[in-house]
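These notes concern the structure reproduced below.
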Amino acid sequence: KNQVEQSPQSLIILEGKNCTLQCNYTVSPFSNLRWYKQDTGRGPVSLTIMTFSENTKSNGRYTATLDADTKQSSLHITASQLSDSASYICVVSDGFDTGGGNKLTFGTGTQLKVEL
Amino acid sequence: ETGVTQSPTHLIKTRGQQVTLRCSSQSGHNTVSWYQQALGQGPQFIFQYYREEENGRGNFPPRFSGLQFPNYSSELNVNALELDDSALYLCASSLGRGGSTDTQYFGPGTRLTVL
C-alpha cells in the first residue's frame, strides 16, 4: 500500500528562524513529489513539484530536496515569517500517468506555527 | 487565489440526508478532482472528471457521485449521509488530463458537518 509519512506532526518556531520538515514515502512506482501549503480553512497551494531526476527545487524561501534512493524529501523554510504558519503537506504521485485517474498519495501534514 | 471557487462554504446536514457541493474550475481547465479531508488528515481522493466523464475513482462507495459540466463547473453529490462524512471537501482543477505531472489548483473547500 502506498504511504506518505511526515514528521514532525507539529512544530513551533520563532519568527526569523529556519526549519526543516521531513517526508518519507513508500509509493511505487514513483512519478513526482509535491509540497503544498494549506492555511487553516483553505485549500492547499502548491509550493514545489519534483520529478525523479530532480533533487532540489526552490520557491522563494522554500527549498525542497528529494532523495529518490532513500525515498525521502525535506522542505526547508528560511527566515520564517508569521504568515508561514500553516499545514505543509507532502504528496507523492505514482507512475500511472495514463490519464485514467489521479493517483496522488497525501501525507497528513506538519502543522507549523511561527511565533514572535 | 487559485481561481477555483466552491460553494457553500459551510453546510450542516443530518444523517440520511443528501447533499450537493459545487465547484467552479479555472477557465480552460478540463479536469476536476474531488477530495475528502477529515480533521487532522491529508486529503483522500474521491474521483476525477475529464471533459464531463469520470476519469478515475478512489475507495469511496457509490453514494458519492459527481458531475462535470461544459462550463467548467462540477458537483459532488453524497446520498444517505453518515456521521463519518463530516469533513472538508476540496475540489481541484488542472489544465491537462489529470496526469501525474499536472499542477492542481485547489478551491477553499466546503466544510460539511453531519449531525
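The values are calculated or read from the model by the stated rules, or taken from the named source; none is laboratory data. Please read all numbers here as calculations on a predicted model, not as lab measurements. Virtual Cβ from ideal backbone geometry, glycine too; neighbours counted across all protein chains shown. The area values use the complete protein model at the heavy-atom level, side chains included, leaving out ligands, DNA and RNA. Shrake-Rupley method; radii C 1.70, N 1.55, O 1.52, S 1.80 Å.
A few comments on the model shown:
- Number of Lys-Lys pairs in the protein assembly as shown with C-alpha atoms under 26 Å apart and a separation of 8 or more places or on different chains: 14.
- Average partner coverage of B:42-49, which counts Cβ from other chains inside 10 Å: 5
- Per DSSP, loop trypsin sites (Lys or Arg not before Pro) in the stretch B:10-115 with at most 15 further Cβ within 10 Å: B:15, B:51, B:63
- Legend note: in chain A, cysteines whose Cβ sits 4.7 Å or more from every other cysteine Cβ are A:19.
- Each Cα pair under 8 Å and six or more residues apart adds its sequence gap; the mean of these over the residue count of chain A is a relative contact order of 37 percent.
- Per residue accessible area of chain B, 1.4 Å probe, in Å²: 47
- Buried accessible area, chains B and A (both chains, 1.4 Å probe, Å² to nearest 100): 1800
- The residues of chain A present an accessible area of 48 Å² per residue when probed at 1.4 Å with all protein chains retained.
- Radius of gyration, Dmax [chain B; alpha carbons; angstrom]: 13.1, 39
- Accessible surface of the stretch B:27-115, 1.4 Å probe, proportion on carbon and sulfur as whole %: 49
- Comparing B:60, B:17, A:7 along the charge dipole axis of the protein assembly as shown, the residue lying farthest to the positive side is B:17, per the Cβ-charge model.
- Surface share of carbon and sulfur [accessible, 1.4 angstrom probe, percent] for chain A: 48
- Surrounding net charge for residue B:87, when Lys and Arg each add one and Asp and Glu each subtract one, Cβ distance under 13 Å: -1
- Normalised contact order of chain B, rounded percent, pairs of Cα under 8 Å and 6 or more residues apart: 37
- Accessible-area value, residue B:91, 1.4 Å probe, nucleic acids and ligands omitted, Å²: 0
- Reduction of at least 50 Å² in accessible surface, 1.4 Å probe, comparing all protein chains with the chain by itself, residues of the stretch A:38-64: A:44
- Sparse packing (at most 13 other Cβ atoms within 10 Å of the Cβ) combined with a DSSP loop state is found for the following GluC sites (Glu not before Pro) in the stretch B:1-97: B:1, B:52, B:82.
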